[in-house]
Amino acid sequence: MTTARPGIAALAAAMIALGILGLGTGDFALVWQPVPAWVPLREALAYAFAIASLAAGAGIWWRRTAAVAAAIALGYFFLWWLLLRVPAFVTSPLDNAGGLGENTVALSGAVALYAALHGPAGRLGFLCGQRGIRLARILLGVGLIGCGEAHFRFLKATADFVPAWIPGHLAWAVATGSGFLAAAVAILIAVQARLAAILATAMMGTFTLLVWLVGVAQAPRDRFHWTALAVSWTLTAAAWVVTETYRQPERIALDVVTSS
């Protein structure tokens with residue numbers, strides 16, 4: 001029994017990929033770094049988080065475990081957001097807005113999935129049903145602000161990631177950064193929000209294919225490129241899940257538990 005929602009399927013697969021990366025390296029995925037070396041039982045925790053990601057991703061595919069897996073995914077992304085990104089942002093907001101934005105986008109997808117699979121009477125009422133879906137949309141909008149800010153703050157580095165065969169690297173960096181910010185505003189003020197979410201998701205999906213998938217093909221042994229691919233895939237899938245809430249959000253849970 002698997003989900004018929006492509007965004008949810010993509011998020012589940014991305015979490016499996018992150019878990020495999022963690023198990024394969026015996027360390028926290030690069031996106032979650034830096035985890036200080038002095039952290040007690042650091043290696044054991046790295047394996048634990050990798051297993052949690054793998055279990056959540058696999059569990060989302062199955063009817064009987066989907067709700068529990070969604071809760072694990074929510075806890076997984078929330079802990080990294082709270083313990084790693086928020087403190088770094090508070091310490092140095094300008095340098096860490098992009099990292100916080102990325103994790104906030106990932107968290108938005110986990111919140112949307114949890115909200116869809118847990119009714120209004122759930123234990124965490126503010127994360128369930130329509131209230132949770134509204135929160136997921138807000139998180140997506142806020143996260144996209146961080147992504148857009150990072151594009152402009154690191155404009156040259158962003159331009160350098162544009163494939164060599166595409167002309168106007170700097171122009172594309174400006175355009176994508178502007179796209180993130182425009183989508184964030186539209187989502188937060190709820191004006192053409194669904195269209196904005198679709199376009200932002202499509203843009204991140206394009207990055208995943210043209211930049212990171214190509215990067216893996218060119219350097220298949222490079223851990224950075226594999227991690228970047230998994231992360232970009234995760235962000236795209238998370239935004240995709242939130243985007244799906246704009247179209248019959250009540251159908252998400254039904255699709256998860258009844259499709260085959």
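Looking at (1) free of Cβ contacts under 8 Å to residues at least 40 places away in the same chain; (2) loosely packed, with under 14 Cβ neighbours inside 10 Å; (3) over 20 Å from the mean Cα position of the chain (by Cα); (4) not in a loop (DSSP other than H, G, I, E, B), can you tell me which one Ser178 breaks?
So Ser178 meets the others, but not (3).
Can you work out which of the residues in the range 198-251 that are surrounded by fewer than 18 Cβ atoms within 10 Å (Cβ to Cβ) and either in contact with a Pro (Cβ under 6 Å, 6 or more places away or on another chain) or hydroxyl-bearing (Ser, Thr, Tyr) (or both) is nearest to Arg5 (Cα to Cα)?
Among those that are surrounded by fewer than 18 Cβ atoms within 10 Å (Cβ to Cβ) and either in contact with a Pro (Cβ under 6 Å, 6 or more places away or on another chain) or hydroxyl-bearing (Ser, Thr, Tyr) (or both), it is Tyr246.
Is at least one residue of the range 233-246 more than 15 Å from the chain's Cα centre (by Cα) and either at pLDDT below 90 or under 23 Å from Ala115 (Cβ atoms) (or both)? Before the answer, list the steps.
First, pick out the residues of the range 233-246 that are more than 15 Å from the chain's Cα centre (by Cα): 245-246.
Cutting the leftovers down to either at pLDDT below 90 or under 23 Å from Ala115 (Cβ atoms) (or both) gives us 245-246.
Checking the range 233-246: at least one residue is more than 15 Å from the chain's Cα centre (by Cα) and either at pLDDT below 90 or under 23 Å from Ala115 (Cβ atoms) (or both).
What number of residues within the range 138-149 are surrounded by fewer than 24 Cβ atoms within 10 Å (Cβ to Cβ) and closer than 15 Å to Leu199 by Cα?
1
Of the residues that sit in the range 98-137 and are within 14 Å of Ile187 (Cα to Cα) and of a type in the set (D, E, K, R), which one is surrounded by the most Cβ atoms within 10 Å (Cβ to Cβ)?
Arg137
Give me the pairs, please: first residue somewhere in the range 13-35 and under 26 Å from Trp62 (Cα atoms) and of a type in the set (S, T, N, Q), second residue anywhere and crowded, with 20+ Cβ neighbours inside 10 Å and modelled with pLDDT of 75 or more, beta-carbon distance under 8 Å, and either six or more positions apart or on two chains.
none
Of the conditions (1) among the hydrophobic types (A, V, I, L, M, F, W, C); (2) more than 26 Å from Pro87 (Cβ to Cβ); (3) at pLDDT 90 or above, Ala116 fails just one. Which one is it?
(3)
So which residues in the range 194-218 are modelled with pLDDT of 95 or more and of a type in the set (Gly, Ala, Ser), if there are any at all?
If the condition is that a residue be modelled with pLDDT of 95 or more and of a type in the set (Gly, Ala, Ser), then Ala196, Ala197, Ala200, Ala202, Gly205 are the ones that fit.
The values are calculated or read from the model by the stated rules, or taken from the named source; none is laboratory data. Here the structure is a predicted model, which means the values were calculated and not measured. Virtual Cβ from ideal backbone geometry, glycine too; neighbours counted across all protein chains shown.
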